[in-house]
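The values are calculated or read from the model by the stated rules, or taken from the named source; none is laboratory data. In this text the structure is predicted, and so the values were computed from the model without any measurement. Because the Cβ atoms are built from the backbone with ideal geometry, glycine has one as well, and the counts that use them run over all protein chains shown. What goes into the accessible areas is simple: the full protein's heavy atoms, side chains included, and nothing from ligands, DNA or RNA. Shrake-Rupley method; radii C 1.70, N 1.55, O 1.52, S 1.80 Å.
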Amino acid sequence: MYKQFTTDILHLPTFILNNEGERVKDGWVLGVELKPQNHLCPLCFQESINHARNKNRFLRHAWVSTRETIYIRVPVHRQRCEDCGITWTVEWPEVPVRGNVTTHFKQMIARKCIGQSFEAVAREMAVPPSTVASWFYTYAEETLARPADYEAPPALCMDEFAHKRGHTYSVALQDAHTGHVWQTHPGKSRERIQEGLRRYPFQAPEVIVTDLAPGMAQTVHEIWPETAIVVDKFHVIQLFTQALDRARKLEGNNGTSHKNIRHQRRLLMARPKHLKLEEKETLRTWLGENPELKKQWVALQKFRDIYCAKSYKKAQKALEDWCSHYLFEGANATKSIVKTVLKWKQEILNHFTYGLTNARLEGTNNLIKTLKRRSYGCPNMYHFDLRIRMECRPPA
């Protein structure tokens, strides 16, 4: 019973363990033998006979938590057809024809690469880095989620990421609910984005979340005219925080050290309820000395209140009132923001219908940056796409 249990744990369905196991310096060697079965001749499809051969292969098969390696001793199994007179070596899916490792070992190495660099895994497991990379990409192609096995996601997040900042970019399409990246497409121009949307493996989604890139709504609607567009809340608020940061730099008392700059940015951009009492007092004094900066800060807080609306109609009324007021009464930077908000008014209000943001994809972008640092760049775009999809969340 224990032999069958151990065989199942070791993923060797074609073999059974025998009593020829032994201890070695860096682990264990387990003897296995083939389960009784008939083998047909590949030419005449008649039953063949065993052609005895006293030869074994030693293969690395797995490792355990004690950092010990499990090897298996596999007999070289030969068959002979008496009708055709041919002899051949029997192949099994668990044991490759060539090499000194099993398929299970390759898969364990590939899974170990998730979250680590190929070089780190190669040093630990005493395997060349190029071999580790080859096993990983082979495993990724075999195990990645196939669109045919899943229903079309109703909501997508779309954003660009850099392969090499300032030179090459790609656009990612991610399921807004599960966080799985279904597609990355090179380029960020209008033509390249539309080409990627045409190649998207599912039907058009109900809604897609984007940033405030110029012409993005029109670009998407030319391919998916029925898809609603939601502007990411973070990017809308970023219009205000960037304007505040520019005003901070022009102000006479702006910080010079990294610590002071971080402190001032926190005072200006964090919600007041997240500040300490002494920080609130410092901010009140600072804004009192700079009326122009205070106007921009107050406009940001009023706009944040719009996102607290409980319904679409209340949000629409609050947004219209905010635009009517700050289009004439706000600071110059705020008036410019109002014009941008009016251009994206419907896309901003769609947030209150669907309640979606690009938060998942922004987190995936951080993961992509980590992947680039870990792999010292990824010149092969296809392999980079495979690694992104393997490292991100799997589809539900």
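Could you tell me what percent of the accessible area of the stretch 315-395 is made up of carbon and sulfur, with a 1.4 Å probe and every protein chain present?
51 percent
The stretch 60-95: which trypsin sites (Lys or Arg not before Pro) are DSSP loop and have at most 10 other beta-carbon atoms within 10 angstrom?
For trypsin sites (Lys or Arg not before Pro) across the stretch 60-95 that sit outside H, G, I, E and B with at most 10 neighbouring Cβ atoms in 10 Å, the list reads Arg67.
For the stretch 149-202, what class follows from the C-alpha gyration tensor (a ≥ b ≥ c being the square roots of its eigenvalues): rounded when a/c is under 1.5, otherwise prolate if a/b is larger than b/c, else oblate?
prolate
Whole-Hz ³J(HN,Hα) for each residue in the stretch 347-353, computed from phi via Karplus 6.51 cos²θ - 1.76 cosθ + 1.60 with θ = phi - 60°, x for glycine and proline: what do you get?
5, 5, 5, 4, 4, 7, 8
Over the chain, calculate the relative contact order: mean separation of alpha carbon pairs under 8 Å at least 6 apart, over the residue count, as a percent.
13 percent
If you average 1/r across every pair of different Cα atoms in the stretch 231-328 and take the reciprocal, what Kirkwood value do you get, in Å?
For the stretch 231-328, inverting the mean 1/r across all distinct Cα pairs yields 14.6 Å.
Compute a Gaussian network model of the chain, connecting alpha carbons closer than 10 Å, and tell me which residue from Cys323, Cys81, Cys113 fluctuates the most.
Cys81
In terms of modelled amide H atoms, which long-range or inter-chain residues lie less than 5 Å from the amide H of Ile86?
Residues meeting the amide H criterion: Cys81.
Among Lys313, Lys273, Lys112, whose mean-square fluctuation peaks in a Gaussian network model of the chain (Cα, cutoff 10 Å)?
Maximum among the listed residues: Lys273.
Write down the percent of antiparallel bridges among all DSSP beta bridges whose residues are both part of the stretch 18-89, to the nearest 5.
Among the beta bridges of the stretch 18-89, antiparallel pairing accounts for roughly 75 percent.
Report for the chain the percent antiparallel among DSSP-assigned beta bridges with both residues inside it, nearest 5.
70 percent
Before I look further, what does the stretch 270-380 give for accessible area per residue, probe 1.4 Å, in whole square angstrom?
Per-residue value: 58 Å².
Have a look at Pro214, Pro153, Pro201 and tell me which one the Gaussian network model of the chain (Cα, springs below 10 Å) gives the largest fluctuation.
Among Pro214, Pro153, Pro201, the largest mean-square fluctuation in the Gaussian network model of the chain belongs to Pro214.
With 31 Å as the limit, write out which pairs from Lys188/Lys233; Lys164/Lys276; Lys249/Lys310; Lys188/Lys345 have Cα-Cα distances beyond it, or answer none.
In this structure, Lys164/Lys276; Lys249/Lys310 exceed 31 Å between Cα atoms.
Only bridges with both residues in the stretch 138-241 count here: give the DSSP antiparallel percent, nearest 5.
DSSP beta bridges in the stretch 138-241 are roughly 65 percent antiparallel.
Label points 7 Å out from Cα along the Cβ direction at Leu277 and Glu206: separation in nm?
It is 4.8 nm.
Classify the chain from the C-alpha gyration tensor, please: rounded if a/c falls under 1.5, else prolate or oblate depending on whether a/b exceeds b/c.
It is prolate, given that a/c is not under 1.5 and a/b is the larger ratio.
Counting other Cβ atoms within 10 Å of each Cβ, which GluC sites (Glu not before Pro) in the stretch 81-180 have at most 16 and sit in a DSSP loop?
Glu82, Glu91, Glu151
Looking at the square roots a ≥ b ≥ c of the eigenvalues of the Cα gyration tensor of the stretch 237-396, which shape do they give, rounded for a/c under 1.5, prolate if a/b is larger than b/c, or oblate?
Taking the square roots of the gyration eigenvalues as a ≥ b ≥ c, the stretch 237-396 is oblate.
Could you work out the relative contact order of the stretch 112-175, using alpha carbon pairs under 8 angstrom and six or more residues apart, expressed as a whole percent?
Across the stretch 112-175, relative contact order equals 19 percent.
How much length is gained on full extension from Lys314 to Thr241, taking 0.36 nm per residue of separation minus their Cα-Cα distance?
Additional length available on full extension: 23.8 nm.
Would you work out the relative contact order for the stretch 282-376, in percent, from Cα pairs under 8 angstrom that are 6 or more residues apart?
Reported relative contact order: 22 percent.
For Arg393, enumerate residues with amide H under 5 Å from its amide H, sequence gap 5+ or separate chain, H modeled in the peptide plane.
Those lying under 5 Å, H to H, from Arg393 are Val181.
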